[in-house]
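S.K.: Here's a structure for you.
Each reported figure results from applying straightforward, stated rules to the coordinates on display, with no laboratory input. All values derive from a computational prediction rather than experimental measurement. Don't worry about glycine lacking a Cβ; one is built from the backbone with ideal geometry, like all the others, and counts go over all protein chains shown.
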Amino acid sequence: MTLRHLITLAALLFPLAVSAHDFTENQRVPPVGIADKGELLLDNGNFSYRPWNSAQLAGKVRVIQHIAGRSSAKEENAALIEAIKSAQLPHDRYQTTTIVNTDDAIMGTGMFVRSSIEGSKKQYPWSQFIVDSQGVAKQKWQLKSGGSAIVVLDNSGRVQFVKDGPLSGPEVQQVMTLLRKLLH
């Protein structure tokens, strides 16, 4: 194969690599269940876990933030999370669901990652935090390692926006405009 053929082949495959996630607009997310750890619950100051399944996502407009258990991944889409906090969206119709892939954490930091998730649950008890200790969602949804993905769902649980990677400023605004539209 000549160099020109290789370059042409790479150019054809590049778009597939960029959007490798397994989400389809106006469809539900591919089903995933997380039994090891799962949803972090807070009841009277005590933490516990229960199995979580993506079938539970319908009923509210939501942003799913799937992040690797690393501070760098948390920072990738921090601007969107700050915009959501500032917007004070109605908790009865909106929820942020953060899925933390602790299987994709820096060796030896798991305890710190879980402590950070628990601190966030205390601060934002209306938000949903899912601990995925085996990377099930990342594998099922074909997401990149080490980063952050954002998925916006309407109240029937159908995908309205998705990006695997950091959102640009205009994309943050696009998501906020979409959330306001979906909530009215």
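S.K.: For segment 109-123, indicate whether the set of residues that are surrounded by 15 or more Cβ atoms within 10 Å (Cβ to Cβ), assigned to a strand (DSSP E or B) and in contact with a helix residue (DSSP H, G or I) (Cβ under 8 Å, 6 or more places away or on another chain) is non-empty.
M.R.: Within segment 109-123, none of the residues are surrounded by 15 or more Cβ atoms within 10 Å (Cβ to Cβ), assigned to a strand (DSSP E or B) and in contact with a helix residue (DSSP H, G or I) (Cβ under 8 Å, 6 or more places away or on another chain).
S.K.: Considering each of ILE130, ILE81, ILE67 in turn, give the residue that is of a type in the set (A, V, I, L, M, F, W, C), without any contact (Cβ under 8 Å) to a residue 60 or more places away in the chain, closer than 30 Å to HIS184 by Cβ and outside any loop (DSSP other than H, G, I, E, B).
M.R.: On inspection, the qualifying residue turns out to be ILE81.
S.K.: Can you find a residue in segment 144-160 that is among the acidic types (Asp, Glu), in contact with a strand residue (DSSP E or B) (Cβ under 8 Å, 6 or more places away or on another chain) and more than 20 Å from GLN27 (Cα to Cα)?
M.R.: no
S.K.: Right, here's the next one. Could you look through segment 143-170, keep only residues that are charged (D, E, K, R) and in contact (Cβ under 8 Å) with a residue 24 or more places away in the chain, and pick out the one that is nearest to ALA79 (Cα to Cα)?
M.R.: Selected residue: ASP164.
S.K.: Would you check which residues across segment 147-176 are surrounded by fewer than 16 Cβ atoms within 10 Å (Cβ to Cβ), within 22 Å of TRP52 (Cα to Cα) and small (Gly, Ala, Ser) and list them?
M.R.: SER156
S.K.: Check whether at least one residue in segment 37-58 is crowded, with 21+ Cβ neighbours inside 10 Å, in a loop (DSSP other than H, G, I, E, B) and in contact with a Leu (Cβ under 7 Å, 6 or more places away or on another chain), and report yes or no.
M.R.: Within segment 37-58, not a single residue is crowded, with 21+ Cβ neighbours inside 10 Å, in a loop (DSSP other than H, G, I, E, B) and in contact with a Leu (Cβ under 7 Å, 6 or more places away or on another chain).
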